[in-house]
């Protein structure tokens, strides 16, 4: 395993980057990448190459790769035209480069002639002992070096997710969700045409990478299915792998084959692959991200026994439906838990699962109920609905004509403090008892303009706030499935050990 | 190019790989058909059997539930008379009648990316409408066969259902695992289609099978 870490180390941990095609025109890929590297504070050495040696962003450039001090750069990022890249690659090899990310287009995606250029580039790279990522790729992100080597912007906060995508744009979408919800990324890479390194190579790297806790991949097709299966299996045996598959319908498949060039996978066979390799499969970009973020920040559930906790009825009803449809076990409320809650709120509460307090809660009720639910031995997971309602009323007070008089200022402070507190209480109870508590509220979206204290509190606790009960259930269902996969794997290994 | 084995040969290949198939006799005359039927015990089924003979139901080449000597004699002659111009080596396959209320389809396909994959689907009259099919990549590991069964949308039908017992998982697992092993060990086998695999109570029994080989491999 450490072999792959060593081979791809310069891609994600370069000590220096040679960047070719750094035009003085800020619309060109080379200039954009240079800007993004500087803008987000890449910590290594940068060697921008401009044919004329012109200043770019007010900084000096080098005229040729040959001017780069030998041994000072181990990664090349090529934005020069395909026609000159072979020459660039030779010079980069002389400078000590071991990996080249080729952002330039005009290769396999551009027809027969481009395909020939691509084959020649790979052959030359092999001869020079250089590994090729791309070509026609969007770039690389590695947050522990503040490295945003990309021809497009998203630079997510640092975090435990690593991402690989067969589409630069879907990769960007994943990272944009990271920017939005603050569960960040360790690494990100777009495959481009996968001339040499392919999706499975990056997954193999992430599986071995100690900074990656969960991997997220967008996939349209694989070249070598059996190797993919083997890599995915080895990955899932250690950490979760979330995959979004594109091209699951005939029309989508046709679009995919013109996009990636690879033969798209048969959807039903891929479903089998996911089952066999313990891959957590998502249906949409947002679900894929939320699932990765859930794995990254929530403890794994030990089983499917779920409690739904809500401060209002309808959400609980819909989420109960969603739990049942997702195969989660909506347990009957344990008698001792019912007795405990009976002592805390007026009798009109639901006295069942979903636990609906029907507005009967007082100042400390919600944190206390969260703690008791999480502590209960018959409970594996909790979905908590409706955070932020108090802060939303606070905002209505704040933005109205009576504020801050008539006691409204104090009331607003109380509401916001309470919602923040609920978010933290959920995270703390979850950590203390090592059980997932997923917090869901539409206010994540609807109250983004002013920043509702509830969802903001969830974000501050380092977790994702789900925009609906359904989205929380989708994530929890897959977490339960993965947990079962791991448990079975471990019990099978124990059996083998005993024999 | 591929070549389709006859039902008789297909079942032999399965049997050699370790999938139990019901006793069968391939005969070329009505008299031999009668002797075979007596050997196997009534009721019996007759089918015209030869390489490349598919769509037996559509071509009316199956005679089910024959109970006595005369019937077997008449129907065997009738079937032999239905041989097409290039089907002169075809014979009559005599088997015991397999009866059950539930049917599945099991098979082997080769995916261009994932290689040999085992297929399981619901069979019977609604099979095409329901399209309830799942796959697993060969070889099937410890839980893969069971998971493949559970991956069917209507897996419930294979459980205790309307007076029928639950399918014998060990036997069905064995069939699925063996199909996967054939896929890995016999590269000349392009595909296998066991259709139907009839559940006689809890026991899955191969009622018909077609194996496709790479041309020239036989």
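The values are calculated or read from the model by the stated rules, or taken from the named source; none is laboratory data. Bear in mind that the values here come from a model prediction, so they are computed numbers and not experimental data. Glycine also receives a Cβ, built like all others from the backbone with ideal geometry; neighbour counts cover every protein chain displayed.
Side notes on the structure shown:
- Selection status of residue B:199, assigned to a helix (DSSP H, G or I) and under 16 Å from the mean Cα position of the chain (by Cα): no
- Residue within the range B:160-171 that is within 14 Å of chain A (Cβ to nearest Cβ) and crowded, with 21+ Cβ neighbours inside 10 Å present: no
- Positions within the range A:275-301 being more than 14 Å from chain B (Cβ to nearest Cβ) and either at pLDDT below 95 or in a loop (DSSP other than H, G, I, E, B) (or both), in sequence order: A:283, A:284, A:298, A:299, A:300, A:301
- Exactly one residue out of A:48, A:26, A:69 is touching a helix residue (DSSP H, G or I) at 6+ places or on another chain (Cβ under 9 Å) and assigned to a strand (DSSP E or B), and it is A:48.
- Criterion: without any contact (Cβ under 8 Å) to a residue 60 or more places away in the chain and more than 13 Å from every other protein chain (Cβ to nearest Cβ) - qualifying residue of A:197, A:203, A:229, A:216: A:203
- Residue count for the range A:240-274, restricted to those that are under 16 Å from residue A:223 (Cα atoms), within 13 Å of chain B (Cβ to nearest Cβ) and at pLDDT 85 or above: 5.
- From the options B:115, B:91, B:121, B:107, residue that is within 28 Å of residue B:40 (Cα to Cα), touching a residue at least 12 places away in the same chain (Cβ under 8 Å) and not assigned by TED's automatic domain parsing to the domain that holds residue B:28: B:107
- Meets criteria (crowded, with 22+ Cβ neighbours inside 10 Å and either outside any helix (DSSP H, G or I) or within 14 Å of another protein chain (Cβ to nearest Cβ) (or both)) for residue A:152: no
- Scope the range A:396-441; condition surrounded by fewer than 18 Cβ atoms within 10 Å (Cβ to Cβ) and either at positive phi or outside any helix (DSSP H, G or I) (or both); matching residues: A:399, A:400, A:401, A:402, A:403, A:404, A:405, A:406, A:407, A:434
- Selection count, the range A:1-42, where residues are farther than 22 Å from residue A:131 by Cβ and touching a residue at least 60 places away in the same chain (Cβ under 8 Å): 5
- Search result, residues across the range A:350-360 that are farther than 14 Å from residue A:320 by Cβ and surrounded by fewer than 20 Cβ atoms within 10 Å (Cβ to Cβ): A:351, A:358, A:359, A:360
- Qualifying positions in the range A:457-475 - over 24 Å from residue A:305 (Cα atoms) and more than 19 Å from the chain's Cα centre (by Cα): A:457
- Search result, residues across the range B:142-156 that are surrounded by fewer than 18 Cβ atoms within 10 Å (Cβ to Cβ) and either under 13 Å from residue B:105 (Cβ atoms) or more than 7 Å from chain A (Cβ to nearest Cβ) (or both): B:146, B:150, B:153, B:154, B:155, B:156
- Residues located in the range B:102-132, provided they are within 12 Å of chain A (Cβ to nearest Cβ), surrounded by 17 or more Cβ atoms within 10 Å (Cβ to Cβ) and touching a strand residue (DSSP E or B) at 6+ places or on another chain (Cβ under 6 Å): B:109, B:111, B:114, B:116, B:117, B:118, B:119, B:120, B:121, B:132
- Flag if residue B:107 is closer than 30 Å to residue A:229 by Cβ and at pLDDT 90 or above: yes
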